[in-house]
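Each remark here refers to the structure printed beneath this line.
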Amino acid sequence: IDPDESSHISITALQRNYLIIQNDFRDATCAVQFYGTAINHVVAGNKSWRAGGFHNVGMQYAGGWQPSWYIQFLDNEIMEGNQGFNGPMNEFPPLESHVAALGNAYVPTGAAMNRFTVIRGNKLRNNARIEIGGACEDVIVDSNRVEYTDTGVTIGGPGSYHGGSPIGVLLHNNRFEKVNVP
């Protein structure tokens, strides 16, 4: 499609078609994080101990608008959530580890910079949660298990990533055990 006067273009680095499969991550700020134009990645069968977890962030970064589209987090496990000094997004005091889709709104149009995230079949144990924050659209959170934590799933709300609100989030068949607020 040729650009015209209504087109919006961001020229920036591109990360596309990553497969991050069956790795172990220990004692890290974050096990897997995408920011800076992440398109069509699959993160599956990974395990995390004492790390921030797994997230994708669509945002304005390094002078350009950098979306995060078509990211799948499948069958990952957070064995032990964050016990560190900072949280998975360097929050202080630290928040729990997470599997998360986060985004800014693209200022000229208000469009979500994070779209089409699937969070399916993950197991989050011991101080970990699922988080959908900021400008995210079309997110599926399906068949996950969350146990032994304060909060199971956070959508928007306090502590949410800045810029917009989640739209089109489907929660389906998630299970919670020993979670104060599912």
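Out of the residues in region 1-44 that are within 16 Å of the chain's Cα centre (by Cα) and at positive phi, which is modelled with the lowest pLDDT?
Gly36
Which of the residues that make up region 38-73 are open to solvent by less than 10 Å² (accessible area, probe 1.4 Å) and of a type in the set (Phe, Trp, Tyr)?
The answer is Phe54, Phe73.
Check whether at least one residue in region 80-90 is crowded, with 24+ Cβ neighbours inside 10 Å and at pLDDT 90 or above, and report yes or no. Working first, answer last.
In the first step, residues of region 80-90 are kept if they are crowded, with 24+ Cβ neighbours inside 10 Å; the result is 81-82, 88.
Add one more test, that the residue is at pLDDT 90 or above, and what stays is none.
No, region 80-90 contains no residue that is crowded, with 24+ Cβ neighbours inside 10 Å and at pLDDT 90 or above.
Anything in region 132-158 that is of a type outside the set (Val, Ile, Thr) and touching a residue at least 60 places away in the same chain (Cβ under 8 Å)? List them, or say none.
Within region 132-158, Ala135, Cys136 qualify.
Is it true that some residue in region 97-119 is under 13 Å from the mean Cα position of the chain (by Cα), under 14 Å from Asn174 (Cα atoms) and open to solvent by 10 Å² or more (accessible area, probe 1.4 Å)?
The answer is yes; a qualifying residue exists.
Among what's in region 137-167 and is assigned to a strand (DSSP E or B), crowded, with 18+ Cβ neighbours inside 10 Å and at pLDDT below 95, pick the residue that is farthest from the chain's Cα centre (by Cα).
Thr149
Within region 107-116, can one find any residue that is of a type in the set (Gly, Ala, Ser) and at pLDDT 95 or above? First the steps, then the outcome.
First, pick out the residues of region 107-116 that are of a type in the set (Gly, Ala, Ser): 110-112.
Adding the requirement that they be at pLDDT 95 or above leaves none.
No, the conditions are met nowhere in region 107-116.
Those residues that are open to solvent by 90 Å² or more (accessible area, probe 1.4 Å) and under 11 Å from Ile78 (Cα atoms), I need them from region 20-37; list them, please.
Selection gives Asp24, Arg26.
The values are calculated or read from the model by the stated rules, or taken from the named source; none is laboratory data. Not measured: the values here are computed from a predicted model. For neighbour counting, all protein chains shown are included, and Cβ atoms are generated from backbone atoms with ideal geometry for every residue, glycine included. With ligands, DNA and RNA removed, areas are computed over all heavy atoms of the protein, side chains included. Shrake-Rupley method; radii C 1.70, N 1.55, O 1.52, S 1.80 Å.
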